[in-house]
Amino acid sequence: MKVVRTGGELAAAPRAGTRAVVMTMGALHEGHLALVRAARARAEQVVVTIFVNPLQFGPAEDFLRYPRDLDGDLAQLEAVGTDVVFAPEVTEIYPDGAPTVTVSAGPVGDVLEGAVRPGHFDGMLTVVLKLLHLTAADLAYFGQKDAQQLMAVRAMVRDLDVPVEVVAVPIVRDADGVALSSRNAYLSGDDRVAARALSAAVAAGARAAAAGEGVEAIRAAAEAVLAAEPRAAVDYVAVVHPETARTLPADHTGPAVLAVAARLGTTRLIDNTPLEVR
Ligand code: AMP
């Protein structure tokens, strides 16, 4: 496994056949490794990027305290068969400070996470486009865990004719249902238990959909579960369009995404599931 820190070193790394990229912010867990394994199964060469992107964090968010563990990350990546790790410094990616030209996520970036975190999706897409250029990957793997991120990336690739195939990987969960997240490391014992309310809410919504309920009953089923957890401050519970993240009308049928976000103490968590509304 080759570990490189600069764009020049990355460009000089040997290339063999189809190249897949998995972009991460490090503090890796089984969710990230599922992406690497999926990439490994299809591509001759797997590049993993590790970069905590300051552009996608708001001024009051956790950029500085975001968990970082490069040595631990490298050991895990080596074990699952990564070819190249690109772990640049912030100054390598943004040598002149914040870039003057950035990507705008458009309407998909305004709702849900985008409403709570203004500018988040613009900052995310800007670094994703840079990393796609720097890695020159044929395939890019993203987790369904960040469903709106996936929607925004797909919209950018479509609207800007980015020559890459986007591949989605299902959410990896802990045994108790909680979606794996680097931010779970922030949770104290009680909050880690309370975090189950998010996945339980999503599961309740999925059951309602499977039982043939409509959009509003699905949303209400999820909301009731989250509301029953006193430690969770709910940001949103929404049934949205799988491509635009827009809230769906009550009479919608067809594919949808049930998305939830809540705060436990100072930690914000998200979860979601794809649904078929009948
Ligand atoms: P992050 O390091 O949080 O920016 O995540 C990097 C990539 O891993 C993103 O595409 C995430 O959607 C994906 N990812 C993170 N957690 C999970 C999970 N529990 N299951 C599947 N994919 C995940």
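Provide the percentage of antiparallel DSSP beta bridges, counting only those with both residues in the chain; round to the nearest 5.
Here the share of antiparallel DSSP bridges comes out near 50 percent.
Which of the GluC sites (Glu not before Pro) found in the range 85-160 are loop residues per DSSP with 15 or fewer other Cβ atoms within 10 Å of their Cβ?
When the GluC sites (Glu not before Pro) of the range 85-160 are filtered for loop state and at most 15 Cβ neighbours within 10 Å, E89 remain.
Which distance in nm do the two modelled labels at T18 and R207 give, with both placed 7 Å along the Cα-to-Cβ direction?
3.9 nm
Quick check: residue separation of A75 and K2 times 0.36 nm, minus the Cα distance between them. What number comes out in nm?
Stretched out fully, the A75 to K2 stretch lengthens by 25.1 nm.
Taking the chain as a Gaussian network, where each spring joins two C-alpha atoms under 10 Å apart, which residue of V193, V167, V46 fluctuates the most?
Taking springs between Cα atoms under 10 Å, the residue moving most is V193.
Could you give the nm distance between label points at A115 and A136, where each point is 7 Å from its Cα heading toward the beta carbon?
4.3 nm
Can you sort K2, K130, K145 so the residue with the fewest Cβ neighbours within 10 Å comes first?
K2, K130, K145
Just to verify a number: FRET efficiency for T244 and T91, C-beta to C-beta distance, R0 = 25 Å, to 0.05?
Rounded to the nearest 0.05, the efficiency is 0.10.
How many percent of Cα pairs in the range 40-125 exceed 20 Å?
50 percent
Determine the relative contact order of the chain: mean sequence separation of Cα pairs under 8 Å and six or more apart, normalised by residue count, in whole percent.
Once divided by the residue count of the chain, the mean separation gives 17 percent.
Report, largest value first, the span of the C-alpha coordinates of the chain along each principal axis, in whole Å.
Here the spans come out as 54, 41, 38 Å, largest first.
Once both labels are modelled 7 Å past Cα along the beta-carbon direction, what's the D190-D251 spacing in nm?
4.7 nm
Under the rule a/c < 1.5 gives rounded, and otherwise a/b versus b/c splits prolate from oblate, where does the range 206-265 land using the Cα gyration tensor?
Taking the square roots of the gyration eigenvalues as a ≥ b ≥ c, the range 206-265 is oblate.
Based solely on its DSSP helices, what 222 nm [θ] is calculated for the chain when runs of n ≥ 4 H residues each add -39,500 (n - 2.57) and the sum is averaged over all residues, nearest 500 deg cm²/dmol?
Helix contribution divided over all residues of the chain: -10500 deg cm²/dmol.
Please list, ordered by chain and number, the residues whose modelled amide H lies under 5 Å from the amide H of Y94; skip anything fewer than 5 residues away on the same chain.
none
Given the options L77, L258, L64, state which has the largest fluctuation in a GNM of the chain using a 10 Å cut-off (strictly under) for Cα springs.
Evaluated over the chain, the most mobile residue of the options is L64.
Using the beta-carbon distance between D161 and A227 and R0 = 41 Å, what value does 1/(1 + (r/R0)^6) give for FRET efficiency, to the nearest 0.05?
Rounded to the nearest 0.05, the efficiency is 0.40.
Could you check what % of the DSSP bridge pairs in the range 23-168 are antiparallel, to the nearest 5?
Antiparallel bridges: around 0 percent, rounded to the nearest 5.
So which residue, out of A200, A155, A12, gets the largest mean-square fluctuation from a GNM of the chain using Cα contacts under 10 Å as springs?
A12
Taken together, the values in this text are just the output of simple stated rules run on the coordinates, not laboratory data. For clarity, every value in this text was computed on a predicted model and none was experimentally measured. All Cβ positions, glycine included, derive from the backbone under ideal geometry; neighbour counts span all protein chains shown.
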